[in-house]
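Chemist: Shown below is the structure under consideration.
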Amino acid sequence: MTQDAFAPATNEWYYPSEEIVRSAHVPDYEALYAEAQADPEAFWAKQAQALDWFQPWSQVLDQSNPPFYKWFVGGKTNIAYNALDRHAKSWRRNKEALIWEGEPGDRRTFSYWRLWKEVNKFANVLKSLGVKKGDRVTIYMGRIPELLMAMLACAKVGAVHSVVYGGFSEQALADRIEDAQSRVVLTCDGAWLRGSIVKLKDMVDEAVKRSPIVESVVVVKRTEQPIKMEQGRDYWFHDLMNLPIASEMCETEVMDAEDPLFILYTSGTTGKPKGILHTHGGYQVYTSTTLKWVFDIKDEDRWWCAADPGWITGHSYIVYSPLILGATSFMYEGAPNFPYPNRWWKMIEHYGITILYTAPTAIRGLMRFGDAWPNRHDLSSLRLLGSVGEPINPEAWRWFHKVIGKERCPIMDTWWQTETGGFMITPMPSVGLKPGSATRPFPGVEVDVVDEQGNPVPAGTDGNLVIKKPWPSMLRTIYGDPDRFKRQYWSAYEKQGWYLTGDSARKDEDGYVWIIGRNDDVIKVSGYRLGTAEIESGLVSHPAVAEAAAIGVPDEVRGNVIYAYCILRANFQGNETLREALKDHIRHEVGPIAVPTKIEFVDSLPKTRSGKIMRRVLKAQATGQPLGDTSTLEE
Ligand code: WT7
């Protein structure tokens, strides 16, 4: 799954059928890549023209102050206008924009017209709470249509949304509210997961105690268990939406192309999460172009991106780009195997889903239940499949291809990051595939695999994956910390002006890129990105723990699981009770996804002479690998 847990065969090819190639938006990748390469600015300007602008840009790319690049300078636009308003004026107004199924089995459908009106109402509600252009709004909801509406409503009024994934807990939420200085939080009473309720509102209450900057909390009723509503601070969404102020008409704020659209927090190498900032103009161009070409979106498709809207995958490819393209999206609230492992397959059959985009961890999880579950369903509506989040092991790739795609559906293994906003290394339906490789860069994108000095490494050799040219949906900064932005992404290859991805990779003889995994202290658990530092500072915040180290250890289904090593303070006993208490502590401090599978109590940790924990050594020990170079090891 990670590292060399599998040795990919670089000469195993799969070719799409002639029919797929012929009908694809991009039948010839090479030609398009060459066109973009010849004049990237003209290429992106052409794609931007497919969208509506209140005022055209005067310059496609401003490179005068690297790494603070600007795209479509002087252009006025609003992504919500392109996602909704313009469709409400066309024949698409009666097309399904969103089809949604709740975990208990309830269903809701929104046409473009209806979604537009709901978002207008929601936007008016936000205004009535005093939300203005540039204000940050934190959104903490389950996977319900209101989450998508909340994001679009923020965009519409020019506010900056910060969606916090529902799998994070009160402290993580409080930190993100604090960092963004959000005075408004949008949430719901709870979320359904595996038949039980995740009590989101309770967590908001706790988070707001820790970040008292919050003035208003809007609560969508979903799970209906009793919750506390604080007078003067908490409002029911349905009450506000019924007020006369929540009219169905709302002007869309005119935004500069470079005005912020959202902040999305992601894990880095320190305990403090990084607020990745994206803007209206370049992001709308890049996400819509990539979705259209990679997943070959046509009007008759039913597109299902099974990610959570709380992650970048959901922001870019559930919320914004499908709507910009006028596509029909499907969204499902709950767990893939609830109440039975055929839930996904049943929904694909029921709704006639044509494209399914998911993560290797989900594929491996469902594969485990055997072929009989998918085989009971008619999956013939599917025409394309996709994968994202971590390297897909060829075994899972082949299963997905054969059992789900019936060997008809090419798999788009898309490599990208929160920071990149959209697909960077990815196939298109017309190119030859190799299981386990994300293939080659998207047109207009230039990547390479290089050594520490920046020399390209030979085919088959590991190196650092870098991006050599700016692209429209690149992150603009880390919110409130431009120095960290420079240091983190642009200092390693400052001379060359390249972006450091943090991944190691290798290229094969055909120029296909194989991602090996993270190079830094980031662990991918079920495709979720967690910093060792976050888990460690969570552990150390418990009174019993003096020092802690966390590592990722390969796991069959989840890609990685977390092992933690703790040095206890004097007078604390390392026993089962404490172990459980620490797990519970992490559940609250970070979130259920960050809970270590194993906690070991130790007397010392392997460190360098300068005191840096050598997680590599712990990892080698845990996985029974050779320790490697230990010359810098102090103890
Ligand atoms: C990291 C970014 C981009 C949406 C979800 C993750 C890993 C992502 C792939 C892929 C191999 C992948 C990388 C990357 N990754 N996609 N197709 N093959 N690895 O976003 O949480 O920002 O994580 O996910 O390590 O750096 P993210």
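The values are calculated or read from the model by the stated rules, or taken from the named source; none is laboratory data. It should be emphasised that the depicted structure is a prediction, and the values quoted were computed from it without experimental measurement. Counting neighbours? That spans all protein chains shown, and the Cβs are built from the backbone with ideal geometry, glycine included.
Chemist: Here are the criteria: (1) without any contact (Cβ under 8 Å) to a residue 40 or more places away in the chain; (2) more than 25 Å from residue 290 (Cβ to Cβ). Tell me which single one residue 396 does not satisfy.
Modeler: (2)
So that you can scan it fast, the table gives a plain yes or no per residue for (1) assigned to a loop (DSSP other than H, G, I, E, B); (2) more than 16 Å from the ligand (Cβ to nearest atom); (3) under 16 Å from residue 268 (Cα atoms); (4) under 21 Å from the mean Cα position of the chain (by Cα):
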{"position": "452", "(1), (2), (3), (4)": "yes, yes, no, no"}
{"position": "460", "(1), (2), (3), (4)": "yes, yes, no, no"}
{"position": "464", "(1), (2), (3), (4)": "no, no, no, no"}
{"position": "470", "(1), (2), (3), (4)": "yes, yes, no, yes"}
{"position": "473", "(1), (2), (3), (4)": "yes, no, no, yes"}
{"position": "488", "(1), (2), (3), (4)": "no, no, yes, yes"}
{"position": "496", "(1), (2), (3), (4)": "yes, yes, no, no"}
{"position": "504", "(1), (2), (3), (4)": "no, no, yes, yes"}
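Chemist: Something else about it: Considering (1) at pLDDT 95 or above; (2) in a loop (DSSP other than H, G, I, E, B), say which one residue 584 fails and leave the rest.
Modeler: For residue 584, the exception is condition (2).
Chemist: Under 21 Å from residue 323 (Cα atoms) and crowded, with 18+ Cβ neighbours inside 10 Å: which single residue out of 113, 44 fits that description? Can you show your working first?
Modeler: Working: 113 fails: crowded, with 18+ Cβ neighbours inside 10 Å.
The conditions single out 44.
Chemist: How do the pairs read when you match residues in the stretch 77-89 that are more than 16 Å from residue 329 (Cβ to Cβ) and free of Cβ contacts under 8 Å to residues at least 24 places away in the same chain with residues anywhere that are outside any helix (DSSP H, G or I) and of a type in the set (A, V, I, L, M, F, W, C), using Cβ under 9 Å and keeping only pairs 6 or more apart or on different chains?
Modeler: none
Chemist: Within the stretch 380-418, how many residues are surrounded by fewer than 22 Cβ atoms within 10 Å (Cβ to Cβ), away from the ligand (no atom under 16 Å from the Cβ) and among the β-branched types (Val, Ile, Thr)?
Modeler: Qualifying residue count, the stretch 380-418: 1.
Chemist: What residue, of 44, 57, 53, is at pLDDT 95 or above, in a loop (DSSP other than H, G, I, E, B), within 28 Å of the chain's Cα centre (by Cα) and not small (Gly, Ala, Ser)? Steps first, answer last, please.
Modeler: Working: 44 fails: in a loop (DSSP other than H, G, I, E, B); 57 fails: within 28 Å of the chain's Cα centre (by Cα).
On inspection, the qualifying residue turns out to be 53.
Chemist: Can you tell me which condition residue 369 does not meet? The list is (1) more than 16 Å from the ligand (Cβ to nearest atom); (2) surrounded by 22 or more Cβ atoms within 10 Å (Cβ to Cβ); (3) of a type in the set (A, V, I, L, M, F, W, C), and all the others hold.
Modeler: Every listed condition holds for residue 369 apart from (2).
Chemist: Now, a different point. Among the residues of the stretch 307-321 satisfying the criterion of being among the hydrophobic types (A, V, I, L, M, F, W, C) and either in contact with a His (Cβ under 8 Å, 6 or more places away or on another chain) or more than 9 Å from the ligand (Cβ to nearest atom) (or both), which is farthest from residue 359 (Cα to Cα)? Spell out how you get there, then give the answer.
Modeler: Within the stretch 307-321, the first condition is being among the hydrophobic types (A, V, I, L, M, F, W, C), and the residues that meet it are 307, 311-312, 318-319.
Right, trim to either in contact with a His (Cβ under 8 Å, 6 or more places away or on another chain) or more than 9 Å from the ligand (Cβ to nearest atom) (or both) and you get 318-319.
Details: 318: 14, 319: 18 Å.
Only one residue fits best here, namely 319.
Chemist: Is it true that some residue in the stretch 356-371 is at pLDDT below 95 and of a type in the set (Ser, Thr, Tyr)?
Modeler: yes
Chemist: Which of the residues spanning the stretch 594-613 are buried (at least 20 other Cβ atoms within 10 Å of the Cβ) and either among the β-branched types (Val, Ile, Thr) or free of Cβ contacts under 8 Å to residues at least 40 places away in the same chain (or both)? Step through it out loud before you land on a result.
Modeler: Filtering the stretch 594-613 for residues buried (at least 20 other Cβ atoms within 10 Å of the Cβ) gives 594-596, 599, 606, 613.
Across the stretch 594-613, the qualifying residues are 595, 599, 606, 613.
Chemist: Output the number of the condition that residue 425 fails; it satisfies all remaining conditions of (1) on the phi > 0 side of the Ramachandran plot; (2) within 9 Å of the ligand (Cβ to nearest atom).
Modeler: Among (1) on the phi > 0 side of the Ramachandran plot; (2) within 9 Å of the ligand (Cβ to nearest atom), residue 425 violates only (1).
Chemist: Taking the stretch 209-266 as the region of interest, how many residues are buried (at least 17 other Cβ atoms within 10 Å of the Cβ) and at pLDDT 95 or above? Write out each step before concluding.
Modeler: Of the residues in the stretch 209-266, the ones buried (at least 17 other Cβ atoms within 10 Å of the Cβ) are 211, 214, 216-220, 222-223, 227, 234-235, 237, 240-241, 246, 250, 252-253, 255-266.
This time we only want the ones that are at pLDDT 95 or above, so: 214, 216-220, 222-223, 227, 234-235, 237, 240-241, 246, 250, 252-253, 255-265.
The total comes to 29.
Chemist: Answer yes or no as to whether residue 30 is in a helix (DSSP H, G or I), over 27 Å from residue 319 (Cα atoms) and among the charged types (D, E, K, R). Steps first, answer last, please.
Modeler: Working: in a helix (DSSP H, G or I): yes; over 27 Å from residue 319 (Cα atoms): yes; among the charged types (D, E, K, R): yes.
So residue 30 fits the description; yes.
Chemist: Specify the residue that is farthest from the ligand (Cβ to nearest atom); the eligible residues are those in the stretch 506-531 that are free of Cβ contacts under 8 Å to residues at least 60 places away in the same chain and closer than 15 Å to residue 465 by Cβ.
Modeler: Restricting attention to the stretch 506-531, the residues satisfying the condition of being free of Cβ contacts under 8 Å to residues at least 60 places away in the same chain are 506-507, 518-519, 523.
Narrowing further to those that are closer than 15 Å to residue 465 by Cβ: 506-507, 518-519.
Values: 506: 12, 507: 14, 518: 5, 519: 9 Å.
Once the filter is applied, the top-ranked residue is 507.
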